[in-house]
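The values are calculated or read from the model by the stated rules, or taken from the named source; none is laboratory data. Computed from a predicted structure; not experimentally measured. A quick note on method: Cβ atoms are made from the backbone with ideal geometry, for glycine too, and the neighbour counts reach across all protein chains shown.
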């Protein structure tokens, strides 16, 4: 039990001395992605191999023995999900990719003997063939700047002592012993930190508004209800560095005058829920949460609330209703949560990444935070980089880097050398950026001017084979399904927009649909009650703005330029490629294919139902899927 700041300082120093006994450390990624690919089996194999060599040691053994050794720990997400399971060695910084349990003997032998790294497990550049041993030299990592993700992949998230050894809870100790609540709010305001959940509202201003609200009870809520398709930033922070979130929330509680906090996290994140619960228990055991924290007289407790997966609960008033046991539906504002939130009391709500930035701002100062990013969007931002890009994964970059730097610098360009077409940023609430936006800075204001938004940080890259009408239909289907139904513009407007988009991809679009779709989009945007409805039309509006010709091709020419929409496809045999094997004829469910063996077959367009079965079985790529 740590009863005062000096106890925390002493423990940090003692732990650092212990960790100096490590001759090396093996970090095995135990984020959700790598676990799904077998990283826990890799960890067990490495642990067994270290024991065979007689060099395996744990924190408890470090404390009880003078003999140094090698530790092996399960870490949070390293970010380079495309290459998992990942194993990093410290202090060398060597990163092994796509590791299997059977690789453990080679890895340990090279480590213990002091020999060169196992080359076949190192990252090989897919274009140049260059081999990278150290993680920081790999292009995916080289151009990043980690702040919120600083500890993810570097510490055991289930061991509070590792967090304390890295100055964990020092920021909380500082505010409790050196700063007044208004000083904390002033420092966060000076940093220019804006909410990382999507809206970009100034964090310090929100804190100060909650601080000034008069009430006998206040709350702090961490919004971990990450529901965007393709987004996993908050999940990775909760899994990989849970104590940083707890510390950020406790600092916020002190600053605004709250003694109770909630982390609202979707139940589909079982690993995040498990590690958060362990972190809360450990913090309470060490006296860093609960009553009279570090002898300051400040009380703060945190509870975990598991959400049922409703996307609308990412909206703060719907989230509050869900915590209260009600159906997750938004309410009109004002009053804002800072005046009347959870159970009618002043409530501060920030998302996971926002809280994860707080401890380092307090420790290093507002000026340090402003060294990264832009004047109006300082700091760094995490993004989940997915889609048709060579390197997918979790990244963190300074605000203001360009789309090109992310897609081609960190992402390694488009898969298969294909042409870049668009990037959907901000999930279903965001918009599409095109080739003309490759040099657009990724910051709050620049993206808004282009009709998109930072959102929570989902970034989906699309190539030339992507149908933008289908993309708009997909996102509209998602938001329509997730609409809570409370207000008419969102409930009915998104449904009608989806019907129009569905008609277009089904080959039944009408010319007048274009005007109606745009009118509906603007009406939903202006008339909806909450952020879900107000931003739902963004993918459609940017599609109409930047890809109108593609939409017109669907409705006027009954043609999908990308050749994606099944209903608009036309199948034909390429005679010079066809070997007459007859496989296509055998799988056709409607007998639309005819011909003789060893001669080119033909497809009857009147009978063809465009199922694509013939394309799937043709070994000679002799069937063209038209529509382009």
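The single condition among (1) part of a helix (DSSP H, G or I); (2) at pLDDT 95 or above that residue 288 does not satisfy is (1).
Condition test on residue 472, is it in contact (Cβ under 8 Å) with a residue 12 or more places away in the chain, over 26 Å from residue 567 (Cα atoms) and touching a helix residue (DSSP H, G or I) at 6+ places or on another chain (Cβ under 9 Å)? No; evaluated as a whole, the condition is false for this residue. Scanning the stretch 19-40 for residues that are in a helix (DSSP H, G or I) and surrounded by fewer than 17 Cβ atoms within 10 Å (Cβ to Cβ) turns up 19, 36, 40. The selection criterion, being out of contact with any helix residue (DSSP H, G or I) (no Cβ under 7 Å at 6 or more places or on another chain) and either under 27 Å from residue 316 (Cβ atoms) or touching a residue at least 24 places away in the same chain (Cβ under 8 Å) (or both), does not hold for residue 423.
Residues that are more than 18 Å from the chain's Cα centre (by Cα) number at least 3 in the following strands (runs of 3 or more DSSP E) confined to the stretch 394-488: 420-425. Mind checking which residues of the stretch 557-603 are within 30 Å of residue 503 (Cβ to Cβ) and free of Cβ contacts under 8 Å to residues at least 24 places away in the same chain? Once the filter is applied, which keeps residues that are within 30 Å of residue 503 (Cβ to Cβ) and free of Cβ contacts under 8 Å to residues at least 24 places away in the same chain, the stretch 557-603 yields 557, 590, 591, 592, 593.
Filtered by the rule that a residue be part of a helix (DSSP H, G or I) and more than 29 Å from residue 340 (Cβ to Cβ), the stretch 247-271 gives 270, 271. Scanning the stretch 374-393 for residues that are under 16 Å from residue 195 (Cα atoms) and assigned to a strand (DSSP E or B) yields 378, 380, 381, 382, 383.
Yes/no matrix, rows are residues, columns are (1) surrounded by fewer than 24 Cβ atoms within 10 Å (Cβ to Cβ); (2) without any contact (Cβ under 8 Å) to a residue 24 or more places away in the chain; (3) under 24 Å from the mean Cα position of the chain (by Cα); (4) not in a loop (DSSP other than H, G, I, E, B):
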| position | (1), (2), (3), (4) |
| --- | --- |
| 157 | no, no, yes, no |
| 176 | yes, no, no, yes |
| 211 | yes, no, no, yes |
| 222 | no, no, yes, yes |
| 226 | no, no, yes, no |
| 245 | no, no, yes, yes |
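Here the stretch 75-91 is the region considered, the condition is being part of a strand (DSSP E or B) and crowded, with 20+ Cβ neighbours inside 10 Å, and the residue that is farthest from the chain's Cα centre (by Cα) is 89.
Only a single criterion out of (1) modelled with pLDDT under 95; (2) more than 28 Å from residue 35 (Cβ to Cβ) is not satisfied by residue 320, namely (1). Among 319, 294, which is the only one that is in contact (Cβ under 8 Å) with a residue 24 or more places away in the chain, on the phi > 0 side of the Ramachandran plot and either surrounded by fewer than 24 Cβ atoms within 10 Å (Cβ to Cβ) or in contact with a strand residue (DSSP E or B) (Cβ under 7 Å, 6 or more places away or on another chain) (or both)? Going through 319, 294 in turn, just one is in contact (Cβ under 8 Å) with a residue 24 or more places away in the chain, on the phi > 0 side of the Ramachandran plot and either surrounded by fewer than 24 Cβ atoms within 10 Å (Cβ to Cβ) or in contact with a strand residue (DSSP E or B) (Cβ under 7 Å, 6 or more places away or on another chain) (or both): 294.
Could you list, in sequence order, the residues of the stretch 1-11 that are surrounded by 19 or more Cβ atoms within 10 Å (Cβ to Cβ) and assigned to a helix (DSSP H, G or I)?
Filtering the stretch 1-11 down to residues surrounded by 19 or more Cβ atoms within 10 Å (Cβ to Cβ) leaves 2, 5, 8.
Correct list: 5, 8.
Among the residues of the stretch 438-471, those identified as at pLDDT 90 or above, buried (at least 24 other Cβ atoms within 10 Å of the Cβ) and under 28 Å from residue 194 (Cα atoms) are 442, 459, 460, 461.
Restricting the stretch 95-117 to residues that are in contact with a strand residue (DSSP E or B) (Cβ under 7 Å, 6 or more places away or on another chain) and not in a strand (DSSP E or B), which is farthest from residue 49 (Cα to Cα)? Of everything passing the filter in the stretch 95-117, 97 is farthest from residue 49 (Cα to Cα).
Here are some residues: 167, 208. Which one is in the same structural domain as residue 261 (by TED's automatic domain parsing) and under 17 Å from residue 244 (Cβ atoms)?
Result of the check over 167, 208: 167.
Tell me whether the stretch 77-89 contains one or more residues that are more than 29 Å from residue 406 (Cα to Cα) and either free of Cβ contacts under 8 Å to residues at least 24 places away in the same chain or not assigned by TED's automatic domain parsing to the domain that holds residue 394 (or both). No - not one qualifying residue is present in the stretch 77-89. Listed by position, the helices (runs of 4 or more DSSP H) enclosed by the stretch 511-628 that each have at least 1 residues that are farther than 19 Å from residue 495 by Cα, assigned by TED's automatic domain parsing to the domain that holds residue 475 and within 30 Å of the chain's Cα centre (by Cα) are 538-546, 548-556.
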